[in-house]
1. Report, in degrees rounded to the nearest 10, the 0 to 90 angle that the Cα long axis of helix 112-131 makes with the longest principal axis of the chain.
2. To the nearest 10 degrees, how steeply does helix 29-39 sit against the main Cα axis of the chain, on a 0 to 90 scale?
3. Angle check, please: helix 2-15 long axis (alpha carbons) against the longest principal axis of the chain (alpha carbons), in degrees 0 to 90, nearest 10.
4. Which order do 100, 89 take by accessible area at a 1.4 Å probe, largest first?
5. Could you order 82, 131, 45 so the one with the most accessible surface comes first? Probe is 1.4 Å.
6. Along the charge dipole of the chain, pointing to its positive end and built from +1/-1 on Cβ of Lys, Arg, Asp and Glu, which listed residue (195, 182, 72) has its Cα farthest out?
7. What would the Debye formula give as log10 I(q)/I(0) at q = 0.12, 0.15, 0.16 Å⁻¹ for the alpha-carbon point model of the chain, no solvent?
8. With labels modelled as points extended 7 Å from the Cα through the Cβ direction, what inter-label distance (nm, one decimal) is found for residue 119 paired with residue 60?
Amino acid sequence: RQRYIQYLHGLVQRLSPDIVCLQETHGLESDVELSLSRAFPGWTVLASHCIGSDGLSHPAAGGCCIMVSSRLARSTTIEKFVLIPGRCMVAILRLEDRLMRIINIHNAALNIGCVRRVVEFLIGARNSDGVDPLGSASILIGDLNLKAPGERRFKAGRPVAASLREHATTSSFFENLWMRELKCWIEISQPFPTNFSASGDSCARIDRVF
């Protein structure tokens, strides 16, 4: 973990972001929050770990985290809301009567109930933004494990043939649920692949921002 934190520290120093979203933190939320708070003094660190089917903490599986810089944290109140433990969490930043939702997701090992819960939250957030665009805003970010419509994996620097495309999800029904909602959001495009498969020597752009 320390090696990853050192790498993250270098990125933060170079890019100077106000918000950092992490997925697959693999640790108890208290441990993750403590480690990152020590590495980033003054930052607000919110984390969530996975809960197993037995109801016990399962820190080895997934985990997500949202970090808010000291300069932004000083001017806002921050509320943590966990939709799916270790898989989807929200930081709600409030400044007087305005708010911003940072929705951080790792779309992995979710059942139909989890997907529907997240989609319902996204619909509610989107509707609130539409009613009061000056007072409400939402950003959806994370490892969606979904490529954009028509997008391919790349192999050895070239697009994979359509007949050989890999589906990022195992269920087309789940994918359709996501796509119906995501088409209502504006994606902030970035051209670089973020998922690399050493075994298949291929890559894809499945970490996305809306």
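1. Roughly 60 degrees, rounded to the nearest 10.
2. Once rounded, the angle reads 70 degrees.
3. Tilt relative to the chain: about 80 degrees.
4. Details: 100 70, 89 0 Å².
The most accessible residue leads, giving 100, 89.
5. Largest accessible area first, the list is 131, 82, 45.
6. 195
7. Once normalised to I(0) and log-transformed, intensities are -0.68, -1.07, -1.20.
8. Distance between label points: 3.2 nm.
The values are calculated or read from the model by the stated rules, or taken from the named source; none is laboratory data. Computed from a predicted model, the values in this text were never measured in an experiment. Cβ atoms come from the backbone with ideal geometry, glycine included; neighbour counts cover every protein chain shown. All accessible areas refer to the heavy atoms of the entire protein, side chains included, with ligands and DNA or RNA removed. Shrake-Rupley method; radii C 1.70, N 1.55, O 1.52, S 1.80 Å.
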